[in-house]
Each structure stands twice: as structure tokens, then as C-alpha cells.
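The values are calculated or read from the model by the stated rules, or taken from the named source; none is laboratory data. All figures in this text were calculated on a predicted structure; none of them were measured in a lab. When we count neighbours, we look across all protein chains shown, and the Cβ atoms used for this are built from the backbone with ideal geometry, even at glycine. Please note that ligands, DNA and RNA were not included when accessible areas were found on the heavy atoms of the full protein model with its side chains. Shrake-Rupley method; radii C 1.70, N 1.55, O 1.52, S 1.80 Å.
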Amino acid sequence: MRSISPLFEICAKGIVGLGVILTSLWALEQKAAFANEFNPNNHREKRWNYLYKMAEQKTPVDVLVLGNSHAFTGLSPEYLSGALESNAFVLANNATNAMDVYWNLRELLKIHSPKLVAVETYPINHRNHRDMLPGSLAHQIRAFNTRKDPAIRLASMFSLFPVDDVPLAISDVVRNHHYVWEGFPERPRQRKVDYNDRYLGRFIRFTSGLTDSLLATYDELGATIDGAEQLISDECIDYAHRIAELCEKEGIKLVFFTLPMYEKHVENAHIWTQRYENLTQDLDAPYLDLQTQSDMASKTEYFENTRTANQHMTLFGSIRAADELGEFIDSLYPGQLHQRADEEKWLRYHKNNSGIYAYSRPLPTDDNVKFIAQDLHAQNFDIDQCVLADLPANPEVQEIWVRIDNFQNGTTPHNKSLQLRIEFQIGNEPVVDATISVPRYEHIQREDMAVFRQIVRKIDIKRIKGVALSDVAPQQ
């Protein structure tokens, strides 16, 4: 019998050894023993879980907003859904760039068929996959691992990561092998998520704006960012073109928009946004610049209280941005996205969404809303709708929402409040006449309509007896 050659024996042992290592890695990966994504509010994973659940329940995504943290903190999909009478969803990941945006879109199109895609431009930046800083690489890995489709993950792997970073991206064991000698992290209890609740991708982080002390710091130190230095890498330009080509292939309308940062936060902002203007012209895609072509950048209540480079928007800023983007889309495609206003399923899905009170009509059977008036004619304008809505978080108070339109004789709602003379009752007390001043909801800025909102004690409004616009007293 011929003896086994030494070379063959070495190769066989190597193959067996490699098999043992790979099998062990596979087993450890299956147990998730080295996983480190234990955030009880993992909004990256939450978005994909909801998107797949929406597809399963046949809840469509009509308008898809793509971007990074600027998008998911800076644009309210609830208000955009109301403004366009459709379902808008924000699909975004922290600190990622145009490549990640493209692969998010690729997977999304396997389960949904949006009619319009809106790309926020902040991910179209100077980065490429070969020179990511450790922090950006970590975010890119997290984004990669929350995508669910194996084919998309495989196809995207080498465009998102250099070859030597691929093992880190695909393996918790490789990425976190240091747990063996440093100790395994404590795993917090995971928050149970109800996937039947409405969720449209927003991650609320900031609810108050810039403070006086920080504004004084701007006056002292100047801007944080120089727009002239904000370049766009060839790789990001390439993926912007891929996004445009994919949308064209699928028959999807595509727009780009820039969410603002505070005006004193950025110098030479026009140079920065001009680069986006030039790029979108090359792509033959509409572009909305909210940094330099809107008054939003001057509103201190719209911005996170920070001078760090990555300044985000507040809840109020996100509502205003949704209004601006909704109006921009309507100007491009009048009425084309308004397809669900009369759908009972859509109205049920958006129950308690104040964006519906601002732009659309709630379901008549919604037990959280009382209709006070519809299609009521006043002097020089019409009351399209007045509703009294419960606040689920505070049963002691309610919101009055009034929408007016059809202005005549030079009437304008600018710098006005709405005076409502009403008959109302509290509990079993006698019916009372009173006038309530309802201020304009300044985060919605339209020429053809105006929205007014006021929080009141829980009351039973019987009817509106009179209505008028009055000037807002100047602040002292």
C-alpha cells in the first residue's frame, strides 16, 4: 500500500482544521453569543421590521424618504403623510453615505413600490468606503446587519466595505472576539415592540431649540462648518446616479432636498448647496434647498442645541420641513400623491396623527375626534374644518385644530390669530358663551390655507357662533 504523501496529509489537516474553525464560528453566530446590538430602542432594526410587517399587512409605502440621521430626526413622516394624503416612511441610518442609501433603496423595492423617493442630501458627502473613520465604519456595519435580504447583503458587501473589513462586517464573533478576555457585556431587557402600532421611521431626539447662551457663543466664535469645504466624493456622485437610474427603471419619481442647519452654524452655505444643485441638474431631478432658499435656517426653535458639526433638527423643525417638502412635491406633481384621503384603512392607520388634523379629514367614526365645523363660510374666508381632538398622553386636555382657506378681499392669515366665539360645556355645568383665541400653527406655511391650533381644557363645544381673524400683538 502506498503511503499518503506528506503534502496531502498537511492539506487534509488544514482543510479539516479550517472546517472546524468555520463550523465553530457558524455555531457561535447562530447563538448570537458575541452580538453587541442590545439597544432596547434599536431604531435601525425597528424600521426594517416595520417595513416588512407593513408589506405583510399590505400597508403601502407611497413616499419613501432616504438619508441619514438628519432625515430621521429632521423630517416628520406623520405630517408628510398628512400633507400628501399618502403613507410616507423615513428609511435612514446614522452617519452613512450615498452607498448605504442606494442599498436601502434596493432592498426596500423588493417589498414595496413607492411612487416617489425623496433623498436628503447630507449622505452625499466626501466619504467613500475605503477611508471611513472607525465611528462611521461602526454605523455602516450596524446598517448592513439590519438589512434582512441575504442577496442584497451579499451584493452590497464589497461596495460598502474594503476587503479587510468584510470579516468585521459579517461576523459578530470576529468583530467582538475581545469579549473572550474582556468579558461579555450585560444584555439589557429588550423592549417589546407592537408592530401593529403606526411607525413611519422617525426617531424623536430633540424637542427644544437653541438657547440664548449658545446663540451668544455663535456671535463670539462664528460658524462651525464652512460650506466651501463640504466636498462630494466621486463615489457618492456615482451612487447618486445609481439611485436615479434605479428610480427611472422602476418608474419612480425622484426628488432631492437639503434639510437646514442654523444659519449661523454654516458659513458659505450657498457654495455647499450649489454643489447639490449642480449634481441634481446632472441627474435631471428636482431639488429643494431648505438651507438657503427658505427662512427655516433662521428659526432657533428648529435646531438641536449644539455647535458640534452634526447639528440636527427638533420636532417643530421636522414638522415644518415636512410641510415644505409636501408643498414642493405638490408643486411638481399636483394632486398625484393624494390618493388615500377617502380610504378608511388609511384613516384608521393614521388615527391620532395630528398631521391628519392639519391637512386632511379624520375618519368620521374616530372616537378621539369631534367635528365642530366643516365647510363653514366666514367673512372673507372659509373654515374648511374645525376639530376637537383628544390627546392620548394627557386625558385632561384637548387640541382645537382649525384649517381655513378660500381667502377673499385681500385677507391674509399672516401674523393673525383666529377668534372663535363658541358655546361650550364642561361636565354638567351650564352651557357658556366664550371667545377662544387660537394662534396660527406657524410650522405650516401655505399661501392657499392656514392652520390654527390651541390646547384647551377638556370641554364639549356645542357650536361656533362667530369667527374672525385678528392681529397678533407684537412681542415686547
Of the conditions (1) more than 16 Å from Pro123 (Cα to Cα); (2) open to solvent by less than 10 Å² (accessible area, probe 1.4 Å); (3) in contact with a Leu (Cβ under 6 Å, 6 or more places away or on another chain), Phe257 clears all except one; give me its number. (1)
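Yes/no per residue for (1) more than 30 Å from Ile124 (Cα to Cα); (2) at pLDDT below 95; (3) within 19 Å of the chain's Cα centre (by Cα):
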position: Leu283; (1), (2), (3): no, no, no
position: Phe303; (1), (2), (3): no, no, yes
position: Asp366; (1), (2), (3): yes, yes, no
position: Asp382; (1), (2), (3): yes, yes, no
Take the residues in segment 355-384 that are surrounded by 22 or more Cβ atoms within 10 Å (Cβ to Cβ) and among the small types (Gly, Ala, Ser), then tell me which one is nearest to Arg202 (Cα to Cα). Gly355
Selected residue [touching a His at 6+ places or on another chain (Cβ under 8 Å) and closer than 26 Å to Arg106 by Cβ] from Glu245, Glu235: Glu235
Looking at (1) closer than 19 Å to Asp342 by Cβ; (2) within 28 Å of the chain's Cα centre (by Cα); (3) polar (S, T, N, Q), which one does Gln374 not meet, given that it meets all the others? (2)
Find the residue count for segment 428-456, including only residues that are closer than 24 Å to Leu80 by Cβ and either open to solvent by 40 Å² or more (accessible area, probe 1.4 Å) or at pLDDT below 90 (or both). 8
Any residue that is surrounded by fewer than 18 Cβ atoms within 10 Å (Cβ to Cβ) and in contact with a Leu (Cβ under 8 Å, 6 or more places away or on another chain) - is there at least one of those in segment 229-239? yes
Just one listed residue, out of Ser86, Ser136, is of a type in the set (Gly, Ala, Ser) and surrounded by fewer than 24 Cβ atoms within 10 Å (Cβ to Cβ), and it is Ser136
Top-ranked residue in segment 208-220 [being open to solvent by less than 50 Å² (accessible area, probe 1.4 Å) and part of a helix (DSSP H, G or I); ranked as farthest from Glu78 (Cα to Cα)]: Thr217
Sole residue being at pLDDT 75 or above, outside any helix (DSSP H, G or I) and open to solvent by 30 Å² or more (accessible area, probe 1.4 Å), chosen from Arg106, Arg191, Arg205, Arg142: Arg205
Counting only helices (runs of 4 or more DSSP H) wholly inside segment 36-96, the ones holding at least 3 residues that are under 26 Å from Gly251 (Cβ atoms) and within 12 Å of the chain's Cα centre (by Cα) are 77-84
Residue list for segment 358-374, filter: within 14 Å of Glu399 (Cβ to Cβ) and touching a residue at least 60 places away in the same chain (Cβ under 8 Å): Ala358, Lys370, Ile372
Hey, among Asn93, Asn97, which residue is within 28 Å of Glu56 (Cα to Cα) and either touching a strand residue (DSSP E or B) at 6+ places or on another chain (Cβ under 9 Å) or buried (at least 24 other Cβ atoms within 10 Å of the Cβ) (or both)? Asn93
Residue count, segment 417-427, condition open to solvent by 40 Å² or more (accessible area, probe 1.4 Å) and in contact with a Phe, Trp or Tyr (Cβ under 9 Å, 6 or more places away or on another chain), comes to 0
Quickly run through segment 238-276 and pick out the residues that are touching a Pro at 6+ places or on another chain (Cβ under 6 Å) and in a helix (DSSP H, G or I). none
Scanning segment 385-416 residue by residue, those open to solvent by 40 Å² or more (accessible area, probe 1.4 Å) and of a type in the set (A, V, I, L, M, F, W, C) turn out to be Leu391, Ala393, Phe407
Selection count where residues are in a helix (DSSP H, G or I), over 30 Å from Leu221 (Cα atoms) and open to solvent by 10 Å² or more (accessible area, probe 1.4 Å), scope segment 280-330: 7
